[in-house]
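The values are calculated or read from the model by the stated rules, or taken from the named source; none is laboratory data. Since the model is a prediction, treat every value here as computed from it, not as a measurement. Quick reminder, even Gly has a Cβ in these numbers, built from the backbone with ideal geometry, and neighbours come from all protein chains shown. With ligands, DNA and RNA removed, areas are computed over all heavy atoms of the protein, side chains included. Shrake-Rupley method; radii C 1.70, N 1.55, O 1.52, S 1.80 Å.
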Amino acid sequence: MNGNPDYTDDDLKILLSGSWDAEPEQEPEPAPAPQLEPEPQTESAPEETAPVAPQPATTPAANAQPVTAASAHDIARVELQPGGVKAAIEAILAVADVPVSVREFAAALIVSERAIETALDELHRDYEGYDDATGTHEPRGFELRQVAGGWRLYARADFSPWVGRFVVGAQTVKLTKAALETLAVIAYQQPATRSYIAQVRGVSSDAAVRNLLQRGLIAETVPDETGATQYITTDTLLEKLGLNSLDELPALAPYLPDPDQVANTENLDITPN
């Protein structure tokens, strides 16, 4: 048998052991090979692994939608962020160039107005300084003020000398006396026309009115019965003065002469101290 090239020693052992039936079991093994033949028709075996990869991916993808929605919901809940509502209010105040009302805070942070008011009270207390069981908490260099119907951060007045040395440039240019007088007339007697302002001051106020309009301290409103343009003050003036409303302006009576003396009196100096 060893001399016959058609048989090997292994073949002889299989025949003598009577285990020839094992080969039929091996013959079906190639049978999967025919199953591999269609694979080339579908462009290679990797497609078998590709369907397997998408299957796990489909499950996370289905789960990804709820995860995204939950994530957006969590972001909307500002209370979950470090510092919560108080820190969020500070972040808005840091970028706001006008006073922010309680309603605007509530709309931006998606919380109740009561929560905003509570947080503002706590921030005001923190900035002003306080004493508690842990010790003394000194005031900050800035303070929270309610002006023009909203809230805004301001440098603390105690540090005005140093802040004034730092702030330079066009923003520190002061209003002329004529502009201040015109602004005072409008603030106390608004709405006021140019002719009324000129009557009170005794001189034309056209240049002063243009200056105040350019600075945004006054604005035009509905004309009077004769069609003359009337002027009123703006929230910008309240911000500059640190007032919440015009009702907080100082009483004017002590500074004004009798009405019949207005035309003959000298210009009033109501420049803030």
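Do you know which residues across region 145-159 are surrounded by fewer than 16 Cβ atoms within 10 Å (Cβ to Cβ) and of a type in the set (K, R)?
Scanning region 145-159 gives a single hit, R156.
So, R103, is that one farther than 28 Å from T234 by Cβ, in a helix (DSSP H, G or I) and free of Cβ contacts under 8 Å to residues at least 24 places away in the same chain or not?
In short, no.
Take the conditions out of contact with any Lys or Arg (no Cβ under 7 Å at 6 or more places or on another chain) and without any contact (Cβ under 8 Å) to a residue 60 or more places away in the chain and apply them to A187. Does it pass?
Taking the combined requirement at face value, the residue does not satisfy it.
Does region 202-226 hold any residues that are open to solvent by 50 Å² or more (accessible area, probe 1.4 Å) and either among the small types (G, A, S) or within 23 Å of L153 (Cα to Cα) (or both), and which are they?
Residues satisfying the conditions are G202, S204, A207, R215.
Looking at T176, T134, can you tell me which residue is closer than 20 Å to G216 by Cα and exposed (fewer than 13 other Cβ atoms within 10 Å of the Cβ)?
The match here is T176.
Residues in region 194-248 that are aromatic (F, W, Y) and in contact (Cβ under 8 Å) with a residue 12 or more places away in the chain: how many?
1
Given the conditions (1) over 27 Å from the mean Cα position of the chain (by Cα); (2) not in a strand (DSSP E or B), which single one is not true for T136?
(2)
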